[in-house]
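One structure below.
The values are calculated or read from the model by the stated rules, or taken from the named source; none is laboratory data. Note that the structure is predicted; figures quoted are calculated from it, not measured. Don't worry about glycine lacking a Cβ; one is built from the backbone with ideal geometry, like all the others, and counts go over all protein chains shown. Only protein heavy atoms, including side chains, enter the accessible area calculation; ligands, DNA and RNA are left aside. Shrake-Rupley method; radii C 1.70, N 1.55, O 1.52, S 1.80 Å.
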Amino acid sequence: MIPSRSVLGSNKLKILAGIVTLIIIILIMSESVVIVQAGHRGVVLYVGAVENRVLGEGVHFIVPFAEQVIQLEVRTLKFQADASAASNDLQEVATVIALNYHIDPNKANIVYQQLGADYADRIIAPTIQESVKASVAKFNAEQLITQRAIAKGVISQAISNTLSARDITVETIFITDFQFSQAFASQVESKVVAFQKFLTEQNNLKAVQVVANQTVVQAQAQARANVAKAGGESQAIKIITEQLRQSPQYLQWQAINRWNGQMPYALGSSGFPFLQAPVQSQVLKQPQQNQTKQ
């Protein structure tokens, strides 16, 4: 028996209705289930309004077609920007700021509500520019060179304070060396060369002064030695004179003490003062005396 057209039409409608129902169920299920990826937080929007809750990682159920989830990354991110400013003495300074940061996971909804998903370009970039301008203006160009660590600390503190107030946590800040105009760089180089030359001249002057002082000290010591020597000789002359006055044989005693033990080649009153040859008259008397006794 062949089914009627009405029966066939009814069956087709049932099949179609089943397919539509299945599609609707799948759509509802897909809209009611959301998976928050690792390192992210889910910001729930209810008919466009930000709800006061943040979804963590994993599977979550939401109201289909009424709620929407925006995922924000809460892992450490990097942002880099070029910055320029004028120092206190109106010298142009350029530098590069790079920072690692992350948003507060528990306040991802507030960040999205106030700044949006592109918060990095909205708040971080202008914060870097303003912080560099405000901080560099506190130093002159020479201080930015000689007190580089202090200047970088001031810039880093200004950036951190501004971003933390917007629920963005700064982990580390990297600041490259400050770059100045070519004219100022040449001026600084000339100043450094002049200062080095000044230090060299100061060292040379100190060396000359040391040599001069040593010469003066040596001259003074020699003068004192000469005075002492003259005083000693004068005292010795006085002693010798006194000894001669008291004992004329003193010179003979001195000659005996200083004799080296060698006999002179010639005898004389001046060559061998402490030994005198016997007088001829005395030699002649001795034989005569001997004959008389006999």
Next on the checklist: Rolling a 1.4 angstrom probe over the protein chains, ignoring ligands and nucleic acids, what is the accessible area of Asp167 in square angstrom, nearest 10?
Outcome noted: 30 Å²
Next on the checklist: At 1.4 Å probe size, with the rest of the protein present, what percent of the exposed accessible area of the range 21-82 is carbon and sulfur atoms?
Outcome noted: 61 percent
Next on the checklist: Considering only C-alpha atoms, what is the centroid distance from the range 150-170 to the range 46-83, in Å?
Outcome noted: 25 Å
Checklist entry - Accessible area per residue, 1.4 Å probe, Å², for the range 77-222: what's the number? => result 60 Å²
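Express in nm, to one decimal, how much length is gained between Thr21 and Lys238 on full extension, taking 0.36 nm for each residue of separation and deducting their alpha carbon distance.
63.7 nm
Determine, for each peptide in 17-24, 174-181, 159-166, the mean count of other beta carbons within 10 angstrom over its residues, then list the peptides with the highest first.
On the way: 17-24: 10.0, 174-181: 15.2, 159-166: 17.1.
Final packing ranking: 159-166, 174-181, 17-24.
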Checklist entry - Once both labels are modelled 7 Å past Cα along the beta-carbon direction, what's the Val217-Asp177 spacing in nm? => result 4.3 nm
